[in-house]
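Participant: There's a structure below that I have some questions on.
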Amino acid sequence: MIKSSHPHRKPGYELNGVALKPETLMMGYGYKPKLSEGALKCPIFQTSTFVFNTAEDGKEFFSIAYGKKENTEKKELGLIYSRINNPDLEILEDRLAVWDDADMSAVFPSGMAAITTMMLEFLRPGDTLLFSQPLYGGTHHFIEKVLIQYGIKAYGIRGGCNYNEIKKIIEENKMQETLAMIYLESPANPTNELIDIEAFAEIAKYFSKPNKKIITAVDNTFLGPVFQQPIKHGADLVLYSATKFIGGHSDLIAGVCSGEKNLMIRVKTLRTFLGSVPDAWTSWLMLRSLETLKIRMKTQCENAKKVTSFLCTHPRVEKVYYPSLHQEGSEQHDIYKRHCQDSGSMISFDVKGGEKEAFKFLNSLKVFHLAVSLGGTESLAEHPYTMTHTDVPDDEKKLYHLTDKMVRLSIGIEDADDLIRDLTQALS
């Protein structure tokens with residue numbers, strides 16, 4: 001394996017002075033076949049511990065891993081124990097960092113493990129967390145029901161706010177002195193509302209102080225890393241439920257946090273002591289999935305556009321929520337043009353009626369699977385109001401247009417005409 005402090009400095013990142021694209025690097029970046037008996041693909045290192053060449057090596061590796069010794073010579077940190085590092089995990093993290101142009105990535109056993117570890121590292125009692133709404137239900141529950149038990153204040157804000165609106169809310173609620181983190185989810189789950197990451201990042205800079213940096217973190221699960229890269233728009237950290245598009249086959253659970261080196265060292269250190277590290281098999285499955293990430297997401301996106309066009313004209317559909325549908329000249333359209341390379345494959349829509357009609361539609365689907373999660377090769381449908389977002393208070397749901405008539409679709413790689421035929425029969 002090749003190790004360095006920044007993935008872009010590794011041999012093989014450029015060819016004749018031109019940077020190789022992420023989809024090219026996914027085929028071998030960070031892996032040396034000669035270190036694994038010439039195996040073309042990285043083997044699964046199914047081991048809990050690793051043998052040191054000498055006792056001196058073991059001492060040095062532990063000193064660096066636990067921060068007792070600064071790695072001034074930029075030596076490769078040797079393998080110690082799979083809760084700390086593993087070849088499959090390290091190669092996976094190298095490749096994930098490439099997609100978001102990040103210094104480092106950390107992989108976790110779930111998306112919630114990534115989110116909670118990151119928040120616990122950078123938030124302290126008395127701090128305030130400003131977060132966009134709506135959020136994924138699990139994240140919302142952790143913020144509103146768990147963090148507050150540790151003396152951390154949380155303030156939800158409509159994600160579509162602009163710079164002046166955000167600044168006014170912070171000042172009117174006297175958060176200037178306690179604000180420690182801004183947490184965003186864009187597009188929002190399940191309404192697909194886009195967040196102006198640049199505006200929130202500028203707000204974080206404005207209120208930061210020399211001795212206290214306000215962290216901007218973005219859940220990029222719906223569009224990233226192929227169709228949106230928040231770090232390029234000022235975010236400090238980007239997070240994923242890698243269970244979704246990155247894993248892509250509905251056969252694993254994982255999460256990712258990526259960002260600037262100094263922040264990520266802190267995240268990885270806490271991860272080590274919380275023990276939230278994925279196993280070698282999960283890491284290997286994700287390495288497999290990264291090879292087809294762009295192909296899958298592009299196919300899913302093209303299918304979603306066709307499905308969106310169909311839903312927009314159906315008499316039993318009241319409204320469709322999809323990133324590219326925003327009217328030209330609107331703030332949402334402006335954000336889409338600045339932040340997004342494409343629309344992705346997540347669609348929400350309101351059926352005419354309410355829960356009864358939504359359930360009748362869901363129960364009538366034949367090709368779509370009635371299941372939560374998203375981003376897999378198969379198409380899924382669910383009812384956010386009573387399923388993924390059931391724990392969100394009803395008044396908050398109403399405020400953000402999350403009603404009992406909303407259905408969320410995750411579009412897969414099936415034939416688009418087959419999906420439309422299924423939607424047609426279920427709606428009728």
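Participant: Being modelled with pLDDT of 90 or more, surrounded by 17 or more Cβ atoms within 10 Å (Cβ to Cβ), of a type in the set (A, V, I, L, M, F, W, C) and under 24 Å from Ala204 (Cβ atoms) is true for just one of Leu120, Leu92, Leu79. Which residue is that? Lay out the reasoning, then the answer.
Facilitator: Numbers: Leu92 fails: under 24 Å from Ala204 (Cβ atoms); Leu79 fails: under 24 Å from Ala204 (Cβ atoms).
Within the list Leu120, Leu92, Leu79, the selection yields Leu120.
Participant: Turning to a different aspect of this structure: Picking from Ile335, Ile347, which residue would you name as being in contact with a strand residue (DSSP E or B) (Cβ under 6 Å, 6 or more places away or on another chain) and β-branched (Val, Ile, Thr)?
Facilitator: On inspection, the qualifying residue turns out to be Ile347.
Participant: Let me ask you something else. Taking Ser241, is it of a type in the set (S, T, N, Q) and in contact (Cβ under 8 Å) with a residue 40 or more places away in the chain? Before you say what the answer is, go through the steps one by one.
Facilitator: On the way: of a type in the set (S, T, N, Q): yes; in contact (Cβ under 8 Å) with a residue 40 or more places away in the chain: yes.
Against the criterion (of a type in the set (S, T, N, Q) and in contact (Cβ under 8 Å) with a residue 40 or more places away in the chain), Ser241 qualifies.
Participant: Test Leu263 against the criterion of being assigned to a helix (DSSP H, G or I) and more than 12 Å from Phe108 (Cβ to Cβ), and give yes or no. Let's see the steps before the verdict.
Facilitator: Numbers: assigned to a helix (DSSP H, G or I): yes; more than 12 Å from Phe108 (Cβ to Cβ): yes.
Criteria met by Leu263.
Results for (1) modelled with pLDDT of 95 or more; (2) in a strand (DSSP E or B); (3) hydrophobic (A, V, I, L, M, F, W, C), shown as yes or no for each residue.
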{"residue": "Glu328", "(1), (2), (3)": "no, no, no"}
{"residue": "Lys337", "(1), (2), (3)": "yes, no, no"}
{"residue": "Ser348", "(1), (2), (3)": "yes, yes, no"}
{"residue": "Leu362", "(1), (2), (3)": "yes, no, yes"}
{"residue": "Glu378", "(1), (2), (3)": "yes, no, no"}
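Participant: Which count do you get for residues in segment 413-423 that are surrounded by fewer than 21 Cβ atoms within 10 Å (Cβ to Cβ) and in contact with a Phe, Trp or Tyr (Cβ under 8 Å, 6 or more places away or on another chain)?
Facilitator: 2
Participant: Moving to a separate point now. Return yes or no: is Phe207 more than 19 Å from Gly344 (Cα to Cα) and out of contact with any strand residue (DSSP E or B) (no Cβ under 9 Å at 6 or more places or on another chain)?
Facilitator: The answer is no for Phe207.
Participant: Please name all residue pairs, on different chains or six or more residues apart, with Cβ atoms under 9 Å, provided the first residue is in segment 292-304 and is of a type in the set (A, V, I, L, M) and the second residue is part of a helix (DSSP H, G or I).
Facilitator: Leu293/Pro22; Leu293/Glu23; Leu293/Trp99; Ile295/Glu23; Ala304/Ala416
Participant: Would you tally the residues in segment 177-231 being farther than 18 Å from Ser343 by Cβ and either aliphatic (A, V, I, L, M) or surrounded by fewer than 24 Cβ atoms within 10 Å (Cβ to Cβ) (or both)?
Facilitator: 26
Participant: If the Cβ limit is 8 Å and pairs must be 6+ apart or interchain, which residue in segment 22-35 that is within 12 Å of Trp99 (Cβ to Cβ) pairs with which residue that is in a helix (DSSP H, G or I) and aromatic (Phe, Trp, Tyr)?
Facilitator: Short answer, once both residue conditions are applied: Pro22/Trp99.
Participant: Shifting gears a bit: Would you check if Ser410 is surrounded by 16 or more Cβ atoms within 10 Å (Cβ to Cβ), under 19 Å from the mean Cα position of the chain (by Cα), in contact (Cβ under 8 Å) with a residue 24 or more places away in the chain and at negative phi?
Facilitator: Here the answer is yes, as Ser410 does meet what is asked.
Participant: Okay, moving on. Looking at Thr299, is it more than 17 Å from the chain's Cα centre (by Cα), under 24 Å from Gly67 (Cα atoms), part of a helix (DSSP H, G or I) and of a type in the set (Ser, Thr, Tyr)?
Facilitator: Spelling it out, it is not the case that Thr299 is more than 17 Å from the chain's Cα centre (by Cα), under 24 Å from Gly67 (Cα atoms), part of a helix (DSSP H, G or I) and of a type in the set (Ser, Thr, Tyr).
Participant: So, in segment 158-186, exactly how many residues are of a type in the set (D, E, K, R), farther than 19 Å from Ala114 by Cβ and touching a residue at least 24 places away in the same chain (Cβ under 8 Å)?
Facilitator: Residues flagged as of a type in the set (D, E, K, R), farther than 19 Å from Ala114 by Cβ and touching a residue at least 24 places away in the same chain (Cβ under 8 Å) within segment 158-186 amount to 2.
Participant: Could you say which residue among Tyr150, Tyr136, Tyr155 is touching a residue at least 24 places away in the same chain (Cβ under 8 Å) and out of contact with any strand residue (DSSP E or B) (no Cβ under 8 Å at 6 or more places or on another chain)?
Facilitator: It is Tyr150.
Participant: Now, a different point. Can you find, within segment 370-393, the residue that is surrounded by the most Cβ atoms within 10 Å (Cβ to Cβ) among those that are out of contact with any Gly (no Cβ under 9 Å at 6 or more places or on another chain), closer than 25 Å to Asp418 by Cα and touching a residue at least 12 places away in the same chain (Cβ under 8 Å)?
Facilitator: First pass over segment 370-393, keeping only residues out of contact with any Gly (no Cβ under 9 Å at 6 or more places or on another chain): 370-374, 381-383, 385-386, 393.
Narrowing the set further to residues that are closer than 25 Å to Asp418 by Cα leaves 370-374, 381-383.
From what is left, the residues that are touching a residue at least 12 places away in the same chain (Cβ under 8 Å) are 370, 372-374, 381-383.
Values: Leu370: 14, Val372: 14, Ser373: 16, Leu374: 27, Ala381: 23, Glu382: 24, His383: 22.
Among residues in segment 370-393 that are out of contact with any Gly (no Cβ under 9 Å at 6 or more places or on another chain), closer than 25 Å to Asp418 by Cα and touching a residue at least 12 places away in the same chain (Cβ under 8 Å), the one surrounded by the most Cβ atoms within 10 Å (Cβ to Cβ) is Leu374.
Participant: Next up: Among Lys305, Lys366, Lys294, which is the only one that is among the basic types (Lys, Arg), closer than 16 Å to Leu409 by Cα, touching a helix residue (DSSP H, G or I) at 6+ places or on another chain (Cβ under 9 Å) and not in a loop (DSSP other than H, G, I, E, B)?
Facilitator: After ruling out the rest, the residue left standing is Lys305.
Participant: With the condition kept exactly as written, say whether any residue in segment 139-149 is more than 23 Å from the chain's Cα centre (by Cα) and of a type outside the set (S, T, N, Q).
Facilitator: Step one: of segment 139-149, the residues more than 23 Å from the chain's Cα centre (by Cα) are 148-149.
From what's left, of a type outside the set (S, T, N, Q): 148.
There is at least one residue in segment 139-149 that is more than 23 Å from the chain's Cα centre (by Cα) and of a type outside the set (S, T, N, Q).
Participant: Could I ask something else about it? Provide a single number: the residues in segment 246-293 that are surrounded by fewer than 19 Cβ atoms within 10 Å (Cβ to Cβ), within 18 Å of the chain's Cα centre (by Cα) and closer than 19 Å to Thr139 by Cβ.
Facilitator: Residues in segment 246-293 being surrounded by fewer than 19 Cβ atoms within 10 Å (Cβ to Cβ), within 18 Å of the chain's Cα centre (by Cα) and closer than 19 Å to Thr139 by Cβ: 1 in total.
The values are calculated or read from the model by the stated rules, or taken from the named source; none is laboratory data. Note that the structure is predicted; figures quoted are calculated from it, not measured. Using ideal geometry, Cβ is built from the backbone for each residue, glycine included, and neighbour counts are taken over all protein chains shown.
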